[in-house]
Amino acid sequence: WGTPVDGAGVPQQLVVLGMGKLGARELNFSSDVDLIYAYPEEGETQGGPRSISHQEFFIRLAQRLGNALSNITGDGYVFRVDTRLRPFGEASALALSFDGLEDYYQVHGREWERYAMIKARVVAGERQAGDQLMALLCPFVYRRYVDFGAFQSLREMKAMIHREVQRKGMADNVKLGPGGIREVEFIGQAFQLIRGGREPALRARPILAVLQTLRESGWLPDFVVDELTVSYRFLRTTEHRLQEVADRQTHALPSDEGDRAQVAAMCGYASWDAFAQALEAQRERVTRHFQAVFAEAQDNGGGELWQGDRDALAAALAARGFRDAQGSAERLTAARASQRYQNLPKDSRRRFDALVPALVAASAATADPDATLERGLTLIEAIARRASYLALLAEHPEALERVARIVAASSWAAEFVTHHPLLLDELLDDRVLYAPPDWQAFARSLRTLIAAHEGDPERQMDVLREQHQAQVFR
């Protein structure tokens, strides 16, 4: 069939992405491997008796590689191979060009695929081509802005898994069940999806490395990281022992008494009851931390502060100490009737509806509620088209309260944040916001951020602007 070559006549190689636990170097005792096959460029093979398309060539090669890994011989097999994580799953070609992969993820990529791509690693192929592919996929996985919408996406994914667990009676599944391995991974990977675009250190693949980074950056307290690390190791050890009993890929606790006794002994416990008690304690701990990270802001009502007619709004505002209740009610009514609000996507409008009553309540606690509401509402309207900023304030009520305090104190600060909404992230941590400047630490951090985007001067300039704006704001 000849050789697939690029436009310069250089031979091309198949590039193989290892996903999941293969990508993160976290394989189980009896794992399958999730692979995605790719090649650099389309074209026709050269130099052979016959010529075929690059895609057909690499599909044939991928099939042979898969067979070499998974076919059972007298010596057993290497790995079971799963290729269903590729774009469009089994409905698509087994191997796709780099351009094809990039187009798919930019146009059709779904949130669960962003999550899956966190652990993607080039496990075979030419290194430079592999680096090129990972660079193409990076903007899909890691947004250039702080993406708090990932919390809701992962909540929905977890809810879907929970429904499936209940439907199939999988409560004893140490991977997918309550307090299982997946919940630990979701905690770390939520922060990766949210902040990985701006903090390259969070792009690690192994979950334990991610948890340590979250400790070092202050996003998770020491005791949370310590407890999650212990629980994760316990759950993974249990997972290995379950698979060692029969050398099969299982995550379910056994019902057979003999198997139970064997698993308990392999985990270092004298009886199944003692092991089960220890396992339950670890799972309860994971669930507690998972719920703390993914807790949704409570809806405290307040519909009369947004959804009512103008007179009802004015009465509600007057009752909360607004001096120009009629004028503020007219401002709220105009915002709700505006094209900007009416044209918001469903999720963004839902967040907007939750934020306005919270903003009214926060404004009422300031010296000039009417001015604070006007400035805060102008800010929320300005960021409404960026779902990630709405999500940031919706996920962090304390940040909205800080917004209210700051815009109440300073019209300049209100205008500055409105023009540079990326600075909303600065409002999440009082330790950072009010700490005296440490210019040496800032210089080290800035050098690290600039180095992370070597070869991309446009992004480096963006980083400089963002960091400059953050320091001015502080």
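For the reader, a short list of remarks on this structure follows.
- Over the range 272-428, the pair-distance histogram of Cα-Cα distances with 5 Å bins from zero comes to 1, 9, 17, 19, 18, 12, 6, 4, 4, 3, 3, 2, 1, 0 percent, rounded to whole numbers.
- Distance from the alpha carbon centroid of the range 316-388 to that of the range 194-223 works out to 34 angstrom.
- A DSSP coil position with no more than 11 other Cβ atoms inside 10 Å describes the following chymotrypsin sites (Phe, Trp or Tyr not before Pro) in the range 78-119: 88.
- Taken per residue, the accessible surface of the range 154-196 reaches 37 Å², heavy atoms only and a 1.4 Å probe.
- Three principal axis extents describe the C-alpha atoms of the range 354-433; from largest down they are 28, 27, 21 Å.
- Listed residues 112, 137, 81: farthest to the positive end of the dipole of the range 71-173 (Cβ charges): 112
- Share, in percent, of DSSP beta bridges within the chain that are antiparallel, nearest 5: 65
- Rounded Å value of the spacing that divides the Cα centres of the range 226-244 and the range 406-427: 45
- Pairs of Lys residues in the chain, spaced 8 or more positions apart or belonging to different chains, with C-alpha separations under 16 angstrom: 4 in total.
- Angle in degrees between helix 181-195 and the longest Cα principal axis of the chain, rounded to the nearest 10: 60
- Take the Kirkwood radius over Cα pairs of the range 85-136, plug it into Stokes-Einstein at 20 °C and 1.002 mPa s, and you get 181 µm²/s for translational diffusion.
- Accessible-area composition of the chain, carbon plus sulfur, in percent [1.4 Å probe]: 51
- Against the compact-protein benchmark of 2.2 N^0.38 Å, the Cα-based radius of gyration of the range 226-275 scales to 1.12.
- Candidate values (1) 174, 62, 43; (2) 85, 66, 48; (3) 62, 52, 51, label of the one derived for Cα extents along the principal axes in Å: (2)
- Think of a 1.4 Å ball rolled over the protein heavy atoms: the range 1-55 then has 44 Å² of accessible area per residue.
- Charge dipole of the range 293-421 (Cα centre as origin; +1 on each Lys and Arg Cβ, -1 on each Asp and Glu Cβ, all else neutral): 340 debye, rounded to the nearest 20.
The values are calculated or read from the model by the stated rules, or taken from the named source; none is laboratory data. Because the structure is predicted, anything quoted here is derived from the model rather than measured. So basically every Cβ, Gly included, is an ideal-geometry build from the backbone, and we count neighbours across all protein chains shown. Just so you know, the surface numbers come from the protein's heavy atoms only, side chains and all, with ligands and any DNA or RNA stripped out. Shrake-Rupley method; radii C 1.70, N 1.55, O 1.52, S 1.80 Å.
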